Structure formats: C-alpha cells, structure tokens
Amino acid sequence: MSIKLSVEHVYKVFGAHPKRALERIQKGQTKDEIFAATGMTVGVSDASFDVAEGEIFVVMGLSGSGKSTLVRMLNRLIEPTAGSIRIDGQDITRMTRKQLIALRRREISMVFQSFALMPHQNVLENTAFGLAVAGVGREQREEKALAALDAVGLKPNAHSFPDELSGGMKQRVGLARALAVDPGILLMDEAFSALDPLIRTEMQDELLRLQSEHARTVVFITHDLDEAMRVGDRIAIMQGGTVVQVGTPEEIVREPANEYVRSFFRGVDVSHVFTAADVARRDQVTVMERPGVSLRAALERLRGHDGSAAVVHDRGGKYQGVVSIDSLIACIDGLGRRDEGRIEDAFIREVEPVSVDTPLTELMTQVAHSPCPVPVVDAHGRYKGTISRATLLHTLDRTDKGAA
Amino acid sequence: MISLYAGIGAFWQSLKEAFVVDLPIGEGFTAVVDFMQTHFDLFFTAIADAISFVADNLTAFFNYLPPQLVFGVLAVLALWRVGWQFALFVLLGLYVVMGMDLWPESMDTLGLVIAATLAALGVGLPLGVAMAKSDLLAALVRPVLDFMQTLPAFVYLIPAVIFFGTGRVPGTIATVIFSMPPAVRMMNLGIRQVPAENVEAGRAFGCNPLQLLFKVELPLALPSIMAGINQTIMLALSMVVIASMIGAGGLGDPVLAGIQQLRLGTGFEGGLGVVILAIILDRLTQSFAQRSRHRTGIGTRIKQLFARGEGVRAD
Ligand SMILES: Nc1ncnc2c1ncn2[C@@H]1O[C@H](COP(=O)(O)OP(=O)(O)O)[C@@H](O)[C@H]1O
Ligand SMILES: [Mg+2]
C-alpha cells in the first residue's frame with residue numbers, strides 16, 4: 001500500500017525561544033527539565049511515522065501527551081518547530097499561506113471533540129461550510145452536502161439547527177462536514193470522546209461502515225484503548241510528547257514497549273484483540289496424514305506419543321477431522337478381525353474447526369466444552385494448529401498479569 | 001493644646017511651600033488646544049461639516065415623516081420583535097409624547113441619537129475587531145476606554161465647545177465619543193469569546209482571515225456585539241439630553257428649561273419623553289441581541305394575538 005502521510009522528526013515547542021529548547025532536547029533533557037529551566041513546554045518531540053493510504057491510524061495517549069498538538073501540525077493549525085510532514089510526497093511545512101489554504105480546502109479536513117458547529121447555520125449550511133469557503137456554487141455545494149448528510153443518515157434533519165440535535169447527531173454533522181469536501185485525509189481529534197458510551201460505540205461502527213464503503217486515510221486521536229483497538233488498523237502510542245510505540249493492536253498488546261504502554265491494558269479486556277491465529281499451537285496434538293493410516297496404526301501412534309487426540313489432514317494440508325484414543329478404540333471394537341476400517345468413522349463429530357480470524361471472545365465457550373483441543377483452519381480449510389483449554393487460560397492470564 | 005495645633009499648621013504650611021510646585025496643567029492644556037486649533041483647522045472643519053450634514057439630514061428626515069407612519073413602523077417592529085403587549089406600550093407612549101406636544105423635540109433627539117450611534121459604531125466596531133486581533137492594541141486602547149467611561153458625562157462638552165462652538169454639531173460629537181466605548185469593548189470581547197474549536201474549524205476548512213472574520217467570528221460574536229450596540233444607543237440618548245446644555249436641541253431643552261427656570265411641569269414632561277424613547281429603543285435593540293433565527297414571523301405573531309384573544313374569551 002502506498003504511503004499517504006509521512007511524519008519525520010517533528011517537534012513542537014510552545015514558548016518564546018523554541019530553538020533553545022530544541023538544543024536542550026538534543027542534549028537529552030526531558031520535557032519536565034526543560035519546563036523547569038526555561039518555562040517552555042515541549043508539546044511533541046521527535047515524532048516519526050508513516051500512514052498508509054486508506055488506513056485508520058490511531059494516536060493514543062494520556063491527556064497532555066501531545067496528541068492534539070501532533071494532529072494540528074498535520075494541517076498546520078499549529079506550526080511545527082522542526083521536522084517535515086509529507087502528504088503524497090509534498091512537504092507541507094514548506095508551503096506558503098496560499099498553498100496551505102488550498103490544501104485545507106481540498107485535501108485534509110477535521111472533526112472536533114466538541115463538534116465546533118456554527119450555531120447560526122442550519123445542518124445543511126454547516127455541512128456545506130468547507131465547500132462555501134472554497135467558493136463552490138450554491139447548487140453544487142448543497143448537492144454535495146446532502147449526499148454527505150445522507151451518508152451519515154441525517155438527510156431528514158438538513159434544515160434543523162445544531163441546538164436542536166443530540167450530541168451524537170451533532171457529531172454526525174461534524175463528520176458530514178468533513179466528508180463533504182471529499183478529503184484525502186480525515187483528522188479526528190477525540191471526535192467521539194464527548195459522547196455517551198452507547199452513542200460512542202454507534203459512531204465507531206458508523207466510521208467503520210463509512211470506511212468499508214470508501215477507505216479514506218484517517219488519523220484518529222483518542223485516549224481510550226477500547227476505542228483505539230476497535231477502529232485502529234495501526235496505533236501510535238504517545239507519552240510526554242514522544243511516540244513510544246507504533247504497531248497493530250495485536251503487536252502492541254503482545255509486546256508493549258514499556259510500562260506506560262502496558263498500563264493502558266490495566267483493567268481492559270483484551271480478549272477481542274487476539275484471534276484464533278494468535279493462540280493456535282502446533283505442538284499439542286499428533287498430526288497424521290490420512291492416506292496410509294489405519295485405525296490400529298493410528299492408535300499405536302497416539303499411545304506412543306502419550307497424546308490423547310490427533311488431527312488428520314490430507315496431503316495438501318487440508319483439515320479432515322480429529323480422533324482420540326477413545327474414539328479409535330470404540331471404532332476398532334466394532335470391526336471384524338481383518339477389517340482395516342476407515343479413519344473417518346473414528347472422527348469426533350462434535351469437534352468443529354474454527355477459522356483463524358475468530359476473536360478469542362467467541363472461542364471461549366467452544367474451547368471450554370470441547371473434549372479435545374479445538375482445531376484452527378485458514379480460509380482454504382488448511383490446518384493451522386489447535387487451541388487447548390490450557391492455552392486459552394494461559395493467554396488470558398498473561399494479559400491479566402500485564403495489567404496487574 | 002492650641003499651640004500644638006498652631007505648630008502643626010505652621011509646619012504643614014512650610015512643608016507645602018517647600019515641596020508643592022504649582023503644576024501648570026491647565027495652562028498646558030490650553031496651549032495644546034490653541035496649537036491644534038491653529039494647525040488642524042481644516043481637519044476640524046471637515047469633521048464638523050460631515051457631522052452636521054448627517055445630523056441635520058436625519059433630524060430633518062424624522063421631522064418630515066408623518067407621525068402616523070412613525071407610530072405604525074415602531075408598533076409593527078415592536079409586535080414582530082417583542083410581542084403585542086410591547087406594541088401596545090409603544091402606541092401608548094408615542095401618544096403621550098404627542099399629547100405633551102413634544103413630537104418635534106422627540107424626533108430631533110431620535111435623529112441625533114441615530115446619527116451619533118452610526119458614527120460611534122462606524123469607528124468603534126472596526127476598532128473592536130482590531131483590538132481582538134492584536135493584544136498590543138488591546139493593551140493600549142483598554143486604559144483609554146476606562147478613562148472615557150469614568151469621566152463624567154458633561155466633561156465631554158468642554159472640548160466639544162472649544163473646538164466646534166455650540167449647537168448640534170458639538171453636541172453630536174460629544175455624544176459620539178461618550179457612547180463609543182461599549183461598542184468597542186463588546187466587539188473585542190465577543191470575538192475573543194468565540195470558542196477556540198470554532199475558530200480552528202474555520203481555519204481547518206481553509207478560511208482566509210477575512211472569511212474567518214465574516215463566516216465564523218462575527219456571527220458567533222453577534223449577541224455580544226448587539227448588546228454593545230444597545231448600550232451605545234442608550235448612552236447616546238442620555239448624552240444627547242445632556243448636550244442640550246450646549247444647544248444640541250431636542251428633548252433636553254424642556255428638561256434644561258425646567259432646571260433653569262424652575263418650571264417643574266415642563267421639566268417632568270421632557271424627562272418622561274426621554275424615558276419613553278429610552279424604553280422603546282432599548283427593548284427593540286435588545287430583541288436583536290438574541291439569536292434571531294427562531295424568531296416568529298410577523299404573521300404568526302398576529303395569529304398568536306388573535307389566538308390569545310380567543311383563549312381569553314374561552315376562559
Ligand atoms: N498553546 C499552547 N501553549 C503552551 N502549551 C501548550 C499549548 N497547547 C498545548 N500545550 C501543552 O502541550 C502539551 C500537549 O498538549 P496536547 O497536545 O493538548 O495534549 P493532548 O491532546 O494529548 O491532551 C501539554 O503539556 C499542554 O499543556
Ligand atoms: Mg487533546
């Protein structure tokens with residue numbers, strides 16, 4: 001995938017002599033030390049990351065960690081002190097005022113935490129705001145604004161005023177206003193943080209739905225881990241102005257870069273972050289290739305391996321079924337002396353394979369009730385491993401420990 | 001005992017002689033005024049001409065209007081913006097003014113107030129915008145505004161008389177200066193109080209500075225701006241009355257006559273006229289200070305009027 005937005009060594013210092021603060025940063029002084037010595041605040045320090053076309057890139061961190069400052073440098077509402085920010089390869093920190101205004105009208109739009117709607121304009125006018133500023137004619141901008149309102153399900157409210165709407169509806173207008181200009185990049189600064197939990201989840205779903213229809217490059221700021229995990233393709237974690245880790249949700253949960261990152265998982269249920277593929281293992285059961293395995297030979301191998309169950313797949317690795325010592329014995333007992341028997345007859349019927357992308361949350365009941373480890377298969381039906389009760393408990397326990 | 005007092009008195013006297021210098025502030029001021037009069041003569045004449053043109057024409061215009069029309073227009077405005085009770089008050093108030101035989105004086109005052117308000121807003125509102133945009137300018141102008149507002153009203157008459165003599169022009173000029181501070185202040189305050197995120201939204205969607213001002217800042221500051229305009233009008237009205245002391249004319253004349261000749265009745269009538277005019281102007285301009293988009297149209301107001309009437313009958 002191509003890189004849409006590239007942030008390289010970006011700094012922001014608030015204060016009278018930012019360059020002096022930069023020198024101190026180079027010498028290795030911390031944000032607190034610099035503030036104590038000079039009274040200047042380091043908002044963002046040496047941030048670097050790339051955002052791919054069509055991805056939702058989440059920036060997460062505690063309050064005051066520099067998220068808002070960072071996102072406002074991406075459209076230069078805040079001027080970076082140093083570093084470069086490239087959109088489609090073009091460095092926006094070198095743009096003139098005029099170019100910058102053109103960029104904001106065409107390429108990059110923003111959704112705000114407290115909605116920032118204009119109270120004197122109705123929903124339609126608010127939605128058309130960016131287009132009006134860009135000088136788009138009335139008819140055309142109302143058409144585009146209505147289309148954007150339709151996308152967020154607010155077309156019937158086009159002539160209401162902001163103070164007649166609920167919080168969730170207001171933010172839908174905020175979203176429609178940002179979408180109406182058809183931007184390449186969407187910046188969302190804590191866009192859902194002011195909403196009730198229920199409405200908030202609804203808006204997250206709405207964002208994901210819009211994204212599935214038309215994948216935009218989104219930079220999404222939040223201080224909430226659950227939200228980050230739900231909407232983020234990748235997550236950057238900020239601490240005291242620096243980006244301490246960038247990765248997929250799974251990567252961050254599995255290997256938190258430091259104690260600060262780990263602390264986010266305290267008391268948070270991470271079971272929906274992991275999927276079957278993350279916990280499946282290949283060393284729990286014996287694996288047999290189907291051709292050339294007789295029931296009796298299979299039983300011998302299982303006893304020899306000290307195992308209780310075996311997965312059977314074909315030459316191409318396609319999953320066939322699971323047998324256990326008990327199911328094999330039961331089957332052999334029913335055979336005549338000379339009969340070889342067919343291994344299919346010994347398959348345990350109640351064991352259903354699960355797909356690699358099943359979230360852990362949906363696996364729990366099945367794993368708990370299965371007589372043997374649950375096999376995992378990929379999209380082509382190939383065997384990938386099994387999940388035993390012990391693995392599952394271990395995984396959950398480990399993430400709990402990470403939290404404690 | 002007495003010798004002690006005398007001793008202190010003598011001591012104070014010698015102290016005063018030794019340390020207190022006679023400051024020639026009054027003389028300095030006179031010198032400055034003299035200098036300005038000789039060197040900026042053309043400038044003052046130009047101002048005087050412009051002001052007298054606007055003020056004369058406006059007062060002439062209001063006097064030219066048939067009273068029935070003034071009654072009608074004000075009553076309809078009152079009905080539309082405030083309600084039927086207030087429309088009734090307006091009709092009654094204007095009727096009383098007529099009955100007191102103060103119609104021409106009221107129209108003179110109205111014309112002067114409007115002329116002075118227009119001039120005060122013309123200077124004050126842009127100044128307020130500039131103050132909101134520049135902290136330095138705000139820091140410089142604020143103490144001047146404080147000074148202007150603490151000065152007693154008729155102190156403004158002195159320089160006006162010195163530079164422009166007596167009559168309608170100096171009266172209007174003194175009024176302009178006296179009534180300007182609230183417009184400046186409220187404009188500055190209103191723009192500064194626009195929520196930061198709304199300004200950010202304006203900038204993020206590509207507003208240039210002028211678009212930001214007209215599409216975001218002024219509309220969101222409107223209630224505060226209207227409150228400033230309302231205060232300016234009320235101050236202008238009070239100053240126009242005082243300015244009759246230097247011959248501005250209008251409703252101040254009967255009040256002044258009441259004071260000077262101890263004609264209690266005449267003075268009271270003039271005062272009542274001022275109060276009626278003040279209430280009408282105040283309520284009307286205040287109604288514009290509320291966000292005006294939920295306003296009910298004049299048609300609905302009239303319907304409500306009749307619906308109310310029926311309601312009363314049904315009771
Ligand atoms: N305009 C400003 N002037 C001075 N300091 C600021 C300014 N804006 C933000 N800061 C400081 O920069 C740091 C990061 O703030 P911010 O980006 O708002 O954090 P977040 O959005 O993660 O809560 C904080 O310490 C904050 O106090
Ligand atoms: Mg923030």
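Every residue, every condition in (1) free of Cβ contacts under 8 Å to residues at least 24 places away in the same chain; (2) more than 16 Å from residue A:67 (Cα to Cα); (3) of a type in the set (Ser, Thr, Tyr), yes or no:
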{"position": "A:202", "(1), (2), (3)": "no, yes, no"}
{"position": "A:207", "(1), (2), (3)": "no, yes, no"}
{"position": "A:221", "(1), (2), (3)": "no, no, no"}
{"position": "A:226", "(1), (2), (3)": "no, yes, no"}
{"position": "A:238", "(1), (2), (3)": "no, no, no"}
{"position": "A:247", "(1), (2), (3)": "yes, yes, no"}
{"position": "A:255", "(1), (2), (3)": "yes, yes, no"}
{"position": "A:260", "(1), (2), (3)": "yes, no, yes"}
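When we screen A:76, A:104 for residues that are within 16 Å of ligand 1 (Cβ to nearest atom), within 14 Å of chain B (Cβ to nearest Cβ) and surrounded by 18 or more Cβ atoms within 10 Å (Cβ to Cβ), the only hit is A:76. Filtering segment A:171-188 to residues that are in contact with a Phe, Trp or Tyr (Cβ under 6 Å, 6 or more places away or on another chain) and either within 10 Å of chain B (Cβ to nearest Cβ) or assigned to a loop (DSSP other than H, G, I, E, B) (or both) leaves A:174, A:177. Here segment A:1-32 is the region considered, the condition is being of a type in the set (Ser, Thr, Tyr) and either buried (at least 16 other Cβ atoms within 10 Å of the Cβ) or within 14 Å of chain B (Cβ to nearest Cβ) (or both), and the residue that is nearest to ligand 1 (Cβ to nearest atom) is A:11.
Counting just the residues of segment A:167-206 that are within 16 Å of ligand 1 (Cβ to nearest atom) and in contact with a helix residue (DSSP H, G or I) (Cβ under 6 Å, 6 or more places away or on another chain), which one comes out farthest from residue A:222 (Cα to Cα)? It comes out as A:187. The requirement of being among the basic types (Lys, Arg), away from ligand 1 (no atom under 16 Å from the Cβ) and either crowded, with 23+ Cβ neighbours inside 10 Å or assigned to a helix (DSSP H, G or I) (or both) is fulfilled nowhere in segment A:213-228; no residue meets it. Evaluate segment A:190-208: report whether one residue or more is outside any helix (DSSP H, G or I), more than 11 Å from every other protein chain (Cβ to nearest Cβ) and either away from ligand 2 (no atom under 16 Å from the Cβ) or among the hydroxyl-bearing types (Ser, Thr, Tyr) (or both). The answer is yes, given that some residue of segment A:190-208 is outside any helix (DSSP H, G or I), more than 11 Å from every other protein chain (Cβ to nearest Cβ) and either away from ligand 2 (no atom under 16 Å from the Cβ) or among the hydroxyl-bearing types (Ser, Thr, Tyr) (or both). Restricted to segment A:240-255, and to residues that are among the polar types (S, T, N, Q) and either surrounded by fewer than 18 Cβ atoms within 10 Å (Cβ to Cβ) or out of contact with any helix residue (DSSP H, G or I) (no Cβ under 6 Å at 6 or more places or on another chain) (or both), which residue is nearest to residue A:42 (Cα to Cα)? My answer is A:242.
Taking each residue of segment A:130-159 that is within 14 Å of chain B (Cβ to nearest Cβ) and looking for partners that are of a type in the set (Phe, Trp, Tyr) and in a loop (DSSP other than H, G, I, E, B) with beta-carbon atoms closer than 6 Å, six or more apart or interchain, yields A:130/B:205; A:133/B:205.
Just to be sure before I move on: is residue A:109 at the interface with chain B (Cβ under 8 Å from one of its Cβ atoms), part of a loop (DSSP other than H, G, I, E, B) and farther than 16 Å from residue A:7 by Cβ in the structure I sent? So residue A:109 fails the test. Screening residue A:57 on (1) part of a helix (DSSP H, G or I); (2) within 16 Å of ligand 1 (Cβ to nearest atom); (3) under 25 Å from residue A:206 (Cβ atoms) shows it passes everything except condition (1). Where helices (runs of 4 or more DSSP H) fall wholly inside segment A:274-380, the ranges with 1 or more residues that are touching a helix residue (DSSP H, G or I) at 6+ places or on another chain (Cβ under 8 Å) and farther than 30 Å from residue A:252 by Cβ are A:295-304, A:325-333. Output the residues belonging to segment B:219-237 that are of a type outside the set (A, V, I, L, M) and either free of Cβ contacts under 8 Å to residues at least 60 places away in the same chain or within 13 Å of chain A (Cβ to nearest Cβ) (or both). Residues satisfying the conditions are B:219, B:223, B:224, B:230, B:231.
Checked against the criterion of being crowded, with 23+ Cβ neighbours inside 10 Å and within 14 Å of another protein chain (Cβ to nearest Cβ), the candidates B:216, B:240 yield just one match: B:216.
The single condition among (1) more than 14 Å from chain B (Cβ to nearest Cβ); (2) out of contact with any strand residue (DSSP E or B) (no Cβ under 8 Å at 6 or more places or on another chain) that residue A:99 does not meet is (1). With the structure loaded, tell me whether residue A:71 is part of a strand (DSSP E or B), of a type in the set (A, V, I, L, M), within 16 Å of ligand 2 (Cβ to nearest atom) and more than 8 Å from every other protein chain (Cβ to nearest Cβ) or whether it fails that test. So residue A:71 fails the test.
Comparison of B:60, B:50 shows that the only residue that is outside any loop (DSSP other than H, G, I, E, B), within 21 Å of the chain's Cα centre (by Cα), exposed (fewer than 14 other Cβ atoms within 10 Å of the Cβ) and without any contact (Cβ under 8 Å) to a residue 12 or more places away in the chain is B:50. Looking only at residues of segment A:212-224 that are away from chain B (no Cβ under 14 Å) and within 16 Å of ligand 2 (Cβ to nearest atom), we find that the one that is modelled with the lowest pLDDT is A:224. Return the residues of segment A:2-48 that are in a loop (DSSP other than H, G, I, E, B) and either on the phi < 0 side of the Ramachandran plot or within 16 Å of ligand 2 (Cβ to nearest atom) (or both); say none if nothing qualifies. Of everything in segment A:2-48, those that are in a loop (DSSP other than H, G, I, E, B) and either on the phi < 0 side of the Ramachandran plot or within 16 Å of ligand 2 (Cβ to nearest atom) (or both) turn out to be A:2, A:16, A:17, A:27, A:29, A:30, A:40. Here the condition is being free of Cβ contacts under 8 Å to residues at least 12 places away in the same chain and within 16 Å of ligand 1 (Cβ to nearest atom); of A:49, A:35, it holds for A:35 alone. When segment A:229-254 is limited to residues that are among the charged types (D, E, K, R) and assigned to a helix (DSSP H, G or I), the one that is farthest from ligand 2 (Cβ to nearest atom) turns out to be A:254.
The values are calculated or read from the model by the stated rules, or taken from the named source; none is laboratory data. The structure displayed is predicted, hence computed values, not measured ones. In this analysis, Cβ positions are derived from the backbone assuming ideal geometry, glycine residues included, and neighbour counts consider all displayed protein chains.
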